[in-house]
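Structure first, commentary second.
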Amino acid sequence: MRRHTRRIFNICYRFTGNRTEAEDLTQDVFLRVYRTLASYRSAHGGFATWMTSVTRNLLIDHYRRTKRDRVTDSLDDAMPVVENKESVARRPDEQALLGELSGQVQSALTRLSPELREAVILRDLQQLEYIEIQRVLEVPEGTVKSRINRGRIELARILQQMGVRPA
Amino acid sequence: MTWTCEQTEARLSDYLDGLLDAAEWTAFNQHVNTCAVCTPLVASVAHTLGGLYALEQVEPPPHLETAILLATVGVARKKYDFWAWLRSLQSPRFVYGAVSVAATIALLLTATGFNWRKPKLADLAPATIYRRADSNIHVFYGRSVKFVSDLRVVYEIQSRINEGDQNPAIREETIPQSSPKKEPGRTDNTNPSAPKQQNRANDISRRLEVLACEFPILSGSLVDRRVP
């Protein structure tokens with residue numbers, strides 16, 4: 001229970017970038033899993049994969065529901081980008097830079113399209129295999145690879161726009 | 001093998017994940033090292049991957065698990081609570097417990113003098129229960145003391161009689177020879193009306209003598225009664 005809670009909460013948090021929303025979504029995931037437990041078939045993959053699939057569907061639903069709110073919020077987010085660029089240049093400590101980078105990566109993640117974001121989160125943060133991601137997203141392996149590749153490149157471009165450059 | 005910028009972008013993840021074969025890997029490296037567009041691209045994506053891997057796991061808040069349990073198992077328990085409770089009544093442990101409790105209550109009520117044939121609500125008042133219980137306890141105690149006392153006397157008499165039967169010599173010595181010539185049953189100096197009466201009188205006389213022997217305090221009065 002605790003292991004699954006932590007994993008699902010992390011997926012939700014990385015996808016939304018908001019702790020409160022991640023809490024609500026994690027709770028919704030468990031509620032849906034509890035209600036649809038009878039529909040789980042082990043032949044379609046492990047329980048964790050099935051749970052991740054439920055999480056992904058809920059995250060996409062949530063993304064569509066809150067799309068309008070984000071359009072107005074994105075205009076306000078333009079200012080911190082410039083501040084981040086300056087702050088990175090000012091901080092010499094490596095650990096602080098790493099922490100700063102983590103925050104910027106998280107921020108950049110939320111700007112990715114949901115299809116690319118979920119693929120990157122599942123692959124690079126949750127360390128899932130391609131076959132597992134294929135089951136979760138219900139798309140062919142080629143599409144999974146393509147999304148992961150495009151997601152990484154897009155994320156790098158966003159970080160560059162935010163002023164984050166490789167050392 | 002010739003390698004293009006489009007191929008670099010398309011196979012970048014394969015390169016970073018180590019999925020390219022040797023020939024592709026060599027061609028990829030040769031192109032990236034000489035291409036002004038692809039070099040920063042690969043560097044930035046590799047840096048981004050490092051940033052992704054550096055992201056630590058976020059700890060969920062402690063109350064989340066409780067909230068989840070409440071939202072899942074808690075809801076289900078509420079929904080099926082009544083039926084679960086009904087099912088629990090079928091368990092032998094509950095039946096035994098209920099029977100024991102009912103028997104105890106019935107016993108206590110009976111002990112407090114509750115009238116089962118004409119039950120009244122007033123009988124269940126604490127003051128009434130206390131008064132009746134107190135009265136019943138005293139009555140029960142008195143009866144018990146009397147019963148034990150009677151039992152002790154009876155056993156004592158019985159044991160002495162048995163001893164007397166076994167040792168007739170002792171009995172003869174202990175029986176007072178108050179009036180051997182006088183016949184029992186003849187208190188008015190007249191003959192008994194029938195042999196049956198004479199036998200009965202003899203028997204009572206013999207028992208009185210035994211009692212007088214066993215309880216010397218009473219012997220005087222018993223003997224006095226025999227002699228008018």
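The values are calculated or read from the model by the stated rules, or taken from the named source; none is laboratory data. This is a predicted model, so every value here is computed, not measured. All Cβ positions, glycine included, derive from the backbone under ideal geometry; neighbour counts span all protein chains shown.
Structure summary
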{"item": "Matching residues, the range B:12-26, being touching a helix residue (DSSP H, G or I) at 6+ places or on another chain (Cβ under 9 Å) and more than 14 Å from chain A (Cβ to nearest Cβ)", "result": "B:GLU24, B:TRP25"}
{"item": "The range A:1-16, subset assigned to a helix (DSSP H, G or I) and without any contact (Cβ under 8 Å) to a residue 12 or more places away in the chain, residue farthest from the other protein chains (Cβ to nearest Cβ)", "result": "A:ARG3"}
{"item": "2 or more residues modelled with pLDDT of 85 or more: qualifying helices (runs of 4 or more DSSP H) within the range B:23-101", "result": "B:38-54, B:63-69"}
{"item": "Where a residue in the range A:139-161 is on the phi < 0 side of the Ramachandran plot and more than 7 Å from every other protein chain (Cβ to nearest Cβ) and its partner, wherever it lies, is of a type in the set (Lys, Arg) and part of a helix (DSSP H, G or I), with Cβ under 8 Å and at least six apart", "result": "A:VAL139/A:ARG147; A:GLY151/A:ARG117"}
{"item": "Single unsatisfied condition, B:PRO60 versus (1) over 25 Å from A:CYS12 (Cβ atoms); (2) within 14 Å of chain A (Cβ to nearest Cβ); (3) surrounded by 13 or more Cβ atoms within 10 Å (Cβ to Cβ)", "result": "(1)"}
{"item": "Filtered residues of the range A:126-137 (kept if surrounded by fewer than 17 Cβ atoms within 10 Å (Cβ to Cβ), in a helix (DSSP H, G or I) and not hydrophobic (A, V, I, L, M, F, W, C))", "result": "A:TYR130"}
{"item": "Inter-residue pairs, beta-carbon under 6 Å, first away from every other protein chain (no Cβ under 14 Å) and in the range B:27-44, second of a type in the set (Phe, Trp, Tyr) and surrounded by 15 or more Cβ atoms within 10 Å (Cβ to Cβ), 6+ apart", "result": "B:ALA27/B:TRP3; B:HIS31/B:TRP3"}
{"item": "Test: residue in the range B:2-11 that is β-branched (Val, Ile, Thr), in a helix (DSSP H, G or I), facing chain A (nearest Cβ under 8 Å) and surrounded by 14 or more Cβ atoms within 10 Å (Cβ to Cβ)", "result": "no"}
{"item": "Test: residue in the range B:23-44 that is under 30 Å from B:ILE129 (Cα atoms) and surrounded by fewer than 16 Cβ atoms within 10 Å (Cβ to Cβ)", "result": "no"}
{"item": "Contacts under 8 angstrom Cβ, first residue in the range A:17-42 being within 11 Å of chain B (Cβ to nearest Cβ), partner exposed (fewer than 14 other Cβ atoms within 10 Å of the Cβ) and not in a loop (DSSP other than H, G, I, E, B), 6 or more apart", "result": "A:TYR34/B:VAL73; A:TYR34/B:ALA76"}
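Residue-wise test of (1) touching a Ser or Thr at 6+ places or on another chain (Cβ under 7 Å); (2) modelled with pLDDT under 75; (3) closer than 30 Å to B:LEU108 by Cβ; (4) loosely packed, with under 10 Cβ neighbours inside 10 Å.
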| residue | (1), (2), (3), (4) |
| --- | --- |
| B:THR128 | no, no, yes, no |
| B:ASP134 | no, no, yes, no |
| B:ASP150 | no, no, yes, no |
| B:GLU156 | no, no, no, no |
| B:GLN166 | no, no, no, yes |
| B:PRO184 | yes, yes, no, no |
| B:ASP188 | no, yes, no, yes |
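Yes or no, residue by residue, for (1) modelled with pLDDT of 90 or more; (2) crowded, with 23+ Cβ neighbours inside 10 Å; (3) not in a helix (DSSP H, G or I):
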| residue | (1), (2), (3) |
| --- | --- |
| A:VAL120 | yes, yes, no |
| A:VAL139 | yes, no, yes |
| A:LYS145 | yes, no, no |
| A:GLY151 | yes, yes, no |
| A:LEU155 | yes, yes, no |
| A:ILE158 | yes, no, no |
